[in-house]
Each structure stands twice: as structure tokens, then as C-alpha cells.
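The values are calculated or read from the model by the stated rules, or taken from the named source; none is laboratory data. Nothing here was measured: the structure is a model prediction, and the numbers come from that model. Backbone-built Cβ (ideal geometry, glycine too); neighbour counts: all protein chains shown. Quick note on the areas: whole protein, heavy atoms, side chains included, nothing else; ligands and nucleic acids left out. Shrake-Rupley method; radii C 1.70, N 1.55, O 1.52, S 1.80 Å.
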Amino acid sequence: MNRRNLIKGAGLSIATGIFGMASKTEEAIASEYAKATKGLPRLRITNVKAILTAPQRIRLCVVKVETSEPGLYGLGCATFNQRPLPVAVAVDKYLNPFAKGRDADNIEDMWQNAYTSSYWRNGPVLNNALSGLDQALWDIKGKRANMPVYQLLGGKCRFAADCYTHCSGRDLKQLESSVRRAMKENFRHIRIQLGGYGSPHLSEKPHFKDAEFGLPSDSHMKPGPYVRATIKMFEHIRSTCGDEVELLHDIHERIPPIMAINLIKELEQYHPFFIEDPFAPEDNGYFKLLRQQTSTPIAMGELFNNPHEWVGLVSERLIDFIRVHISQIGGLTVARKLAALCEWFNVRSAWHGPGDVSPVGHAANAHLDLAIPNFGIQESVRFSQKTKDVFPGYPTMKDGYMYVNEAPGLGVDIDEKLAAKYPLPEHPGYWSPVRRSDGTAVRP
Ligand code: MG
């Protein structure tokens, strides 16, 4: 008899105990359970490994956790596009020996102990590795319960996750046609950017290039032209595409905080759905000043790693959307607690969901989106055909909504042989330097 049938037998005998003999004490029931399950092998973790793959040239890291039950494994997302190799080492050389032999059932216990197993903690590399292990354990628990993970989290609060999509253009005309295309695809929420982050196309050749400071490939960002162009962008899209579409914009932290405050005040008249990342995490103290100046909804947090970065912002009601990257904060176990914290302060979710989250991670986002009352919006993604082939069961999009399948667990698998055909690109993947005209480094 395999382990699942043995457990089933034990469950039946306990149920008989409860319903057949109503007078039985809790102690007697516990003792009967202990007798029925005595000698049963617990589900042990037998191996934890990182799988690196880049089917669409983005460096994805997925963690596979194997168990003592043949064929039963889980997958979790540990994608840190800018530093994938240290994450893989943290998984293979540290989390694997730590987790091996431990009970796969006790997710919370595993999270708490793995989190402190490095003593120093809350950094992006170790948080991503921890997320890979954590999400894989949720995947395993779903498979054992024969339920999708959203059911383990409490069941559905909505039929699917409403999403926003990205639209950008080198100029207003190009952006406008991109927005019109997205509206035809039934997206109701659209993020608009002109010339990427910080509109490098809008300004002249930077002086640092003439002076041969830095490398010719370093990019350039000038706050003044960006601010003026962003106000014109909102004005143009509102006047040409109407008031019904919800507009979002990502400042991406690149301008001085007081300029961000002035920009967001100006944008209030165009009623954005939210403005994202006005300040770098190092400037969290500016949120109070921002709140005193404008009621424009604010989303923040994709660079957060540490609870100290979000607890104050949420509990003082200084932001409206929490936008963390779930693998970056340590996985589903911590994200569902963050969602619960936000619920009591009416802060809604907007989990980070770009291309540098694996389909396993997007599924984790979407399962949580389905189960929390304070869901706000989900960032959508377009997987290439190659990515879809490597990750069968990936979340799907229809009419601006993201859907997960009903398979037990997170519902996403990996074709390891195919994944191995897409090694990481040779470029290590670091975030390219961005500079002011005189060469000063700009913090994203
Ligand atoms: Mg962003």
C-alpha cells in the first residue's frame, strides 16, 4: 500500500472514531491517530536543485524539490535575472543540504528555519533561493491535497486576475497606437511609458559620452525633459483614448524625490490608476511628504527585500498598492502574510510580474491573486512560444484576465530536457548604468 492510501485508511479510522463514538475525548482520538499512522514514513525532502534556463533570453531560475514519494516533486520560482548564478549556488550548495531529510509537509517551519539558516538574511539572493524552496513546497502540498494552491489559500475571491499591460512608444503617435491596440485586446488597465524609463530619446547626446566618461553603452537620463514629456503623454492619451481606460505609469525612481512629488501632483488631473515607484527604497521617508501633497494612488515595492521596507508604509497608509516581487521577498509564505497585513490597511496588491518572473512564479502570483480579498491588479506578461514549451501549464490570458489551470499545486511543470537547450546568455545580465549628462550615476 502506498503512503497516500495508508493515510486515507488512517483518516477513515479517525472519522469513525469521531462520528461513530461521539463521547470519545480528544486525547483518545489523538492516540487512535498516532496508532493508525505509526510507522508510516513521513514525506521527506530528498533533493533540492536549481534549474537555470533562458528560453526568451531572460535568465530564469526554477527550483525543483524532490521527495521520498516516487514521482512527487514541486517547483518554485527563484528568478533573479541580474544575479542568477549566486541564487543557483545558494540553492544547490546551501538549501539542498539544509532541507534534505526534512519533512516536506511543514512549510512554515521550513521557511522560518531556512530563513535564519544563513544568520544574516533579507538579501535578494538568499530570498530568491528561499522562495524557490518555499513555492515548491506549496506546489507539493497542493499535489498531495489534490487541489490547486489557491484552494489551500482559502479558495477564490474572484474568477480570474484582472491585469494591466505595458504600452510604450518612442513618440506620442506610436504610444497612442499601442494603447489603442491594447484596448482592442480588451485590456482595461494600461501602463504608458514614453521612450522606456526616463525617456532617453528625448534629450541630446549626453556630455559624459563626449568626455569619454563611463562606457559608450551606458545610458542617459535627464529629469527635466522626462517630467515635461510625461505630463504631455498623459494629456495626449487622455484626450485621444478617452477617460474610460485606466492609465498607469512607472517613474522607476530615477528623478530627485521633490521632482517626483511635483510630477505626481501634476498628473492628478488625469486620474491615473496608480503611479509606480516614485522614489528609490532608500528614499522611503519621502512618502509622507507625497501623501500630504496629492491623493494620486501610489504603488511601491518591486525593489523591496526586507519587512522593514514595507511595514511602515502599509501601516501608516502611505501607499495604495504593494508591488513586491514575490520571489524577491522569500516566496508565497511571506507574501500571503504581507497581503493579510495590507488587507487591514486597505492596501491592495499589484505583485511584480514582468518577463523576469518564471511561469512558475507567475502562477504563484495568480494563485495568491485569486485568494486574497484585497487584490488590486496584476502585471501581465507575454510568454514566447519557447517559454510555453519549456513550462507546460503556464498561466494564460484572455480579455485582460490571467487564469491558472485547475491542476493540483501551482499547475505548472518544466520540461528539463528542453530547458537545458536554452542556456543563460553570455552577458551576465547586470543592470546597465544610467547616468546624468555629467556622468553622475542614477539609482533606479
Ligand atoms: Mg516597476
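Solvent-accessible area of Trp310, probe 1.4 Å, all protein chains present, reported in Å² to the nearest ten, please.
Number for this one is 10 Å².
Suppose the Debye formula is applied to equal point scatterers at every Cα of the stretch 152-418; what is log10 I(q)/I(0) at q = 0.08, 0.09, 0.10, 0.11 Å⁻¹?
Scattering profile of the stretch 152-418, log10 relative to I(0): -0.34, -0.43, -0.54, -0.65.
Relative to the longest principal Cα axis of the chain, at what angle does helix 3-15 sit, 0 to 90 degrees, rounded to 10?
70 degrees
Sort the stretch 45-147 into rounded, prolate or oblate with this rule: let a ≥ b ≥ c be the square roots of the eigenvalues of the Cα gyration tensor; rounded if a/c is under 1.5, and if a/c is not under 1.5, prolate when a/b is larger than b/c, oblate otherwise.
oblate
Under 9 Å from the Cβ of Ile107, count the other residues' Cβ atoms, weight Lys and Arg +1, Asp and Glu -1, and hand me the total.
Surrounding charge for Ile107 is -3.
How much accessible surface does Glu343 have with a 1.4 Å probe, in Å² rounded to 10?
Here the residue's solvent-accessible area equals roughly 70 Å².
What nm value, rounded to one decimal, do you get for the distance between Lys184 and Lys398 when each label is placed 7 Å out toward the C-beta?
2.2 nm
Please get the size of the charge dipole for the stretch 45-147, origin at its Cα centre, with Cβ charges of +1 on Lys and Arg and -1 on Asp and Glu, quoted in debye to the nearest 20.
Dipole magnitude for the stretch 45-147 comes out near 420 debye.
Provide the gained length on full extension for the span Glu343 to Arg228, in nm with one decimal, where the gain is 0.36 nm per separating residue minus the Cα-Cα distance.
37.8 nm
Residues with amide H under 5 Å of Gly301's amide H, sequence separation 5 or more or different chain, H placed in the peptide plane at 1.01 Å from N; which?
Amide H to amide H, under 5 Å and 5 or more residues apart or across chains, Gly301 pairs with Asp277, Arg323.
Just from its helices, what would the mean residue ellipticity at 222 nm be for the chain, if runs of 4 or more DSSP H residues each count -39500 (n - 2.57) and the sum is divided by every residue, rounded to the nearest 500 deg cm²/dmol?
Helix-only estimate at 222 nm: -11000 deg cm²/dmol.
With a point put 7 Å past each Cα toward its Cβ, work out how far Ser432 is from Ser219 in nm, to one decimal.
Computed distance between label sites Ser432 and Ser219 equals 0.7 nm.
Sorted by accessible area (1.4 Å probe), largest first, how do Asp210, Asp356 line up?
If we order Asp210, Asp356 from most to least accessible, we get Asp210, Asp356.
Springs between alpha-carbon atoms under 10 Å, Gaussian network over the chain: tell me which of Ile51, Ile258, Ile377 tops the mean-square fluctuations.
Of Ile51, Ile258, Ile377, the Gaussian network model singles out Ile258 as fluctuating most.
Give the ranking of Leu303, Leu341 by solvent-accessible surface, highest area first, calculated with a 1.4 Å probe.
Correct descending sequence by accessible area is Leu303, Leu341.
For Cys77, what is the net charge nearby, where nearby means another residue's Cβ is under 13 Å from its Cβ and Lys, Arg count +1, Asp, Glu -1?
Combined, the nearby Lys, Arg, Asp and Glu give -1.
Starting from the Cα-Cα distance between Ser315 and Ala28, subtract it from 0.36 nm times their residue separation and give me the gain in nm to one decimal.
So the extension gain works out to 98.9 nm.
Give the calculated FRET efficiency between Asn47 and His271 to the nearest 0.05, with a Förster radius of 56 Å applied to their Cβ-Cβ distance.
The value I calculate is 0.60.
Please list, by residue number, everything in the stretch 259-291 whose backbone N is under 16 Å from a paramagnetic label point 7 Å out along Cα→Cβ of Asp243.
The answer is 268-273, whose backbone nitrogens lie closer than 16 Å to the label point.
Compute, for the chain, the length of the dipole vector about the Cα centre, with Cβ point charges of +1 (Lys, Arg) and -1 (Asp, Glu) only. Units Debye, rounded to 20.
Using only the charged Cβ atoms, the result is roughly 840 debye.
Connecting C-alpha atoms closer than 10 Å in a GNM of the chain, tell me which of Val149, Val334, Val311 has the biggest fluctuation.
Residue with maximal mean-square fluctuation among Val149, Val334, Val311: Val311.
Keeping every protein chain present and rolling a 1.4 Å probe, give me the accessible area per residue for the stretch 315-424 in Å².
Roughly 35 Å² per residue, with all protein chains present.
Hey, what's the stretch 72-138 come to in accessible area per residue, 1.4 Å probe, Å²?
41 Å²
Probe 1.4 Å, all protein chains in place: accessible area of Arg228 in Å², nearest 10?
150 Å²
Once the piece of chain linking Glu282 and Asn306 is laid out straight, how much longer is it, given 0.36 nm per residue of separation minus the C-alpha distance between them?
7.4 nm
Report the calculated FRET efficiency for Gln385 and His207 (r = Cβ-Cβ distance, R0 = 35 Å), to the nearest 0.05.
With R0 = 35 Å, the Cβ-Cβ based efficiency is 0.20.
With a point put 7 Å past each Cα toward its Cβ, work out how far Leu172 is from Phe159 in nm, to one decimal.
Roughly 3.9 nm, to one decimal.
In the chain, if the dipole is taken from +1 on Lys/Arg beta carbons and -1 on Asp/Glu beta carbons about the Cα centre, which of Cys163, Tyr286, Gly242 is farthest to the positive end?
Ranked along the dipole, the leading option is Cys163.
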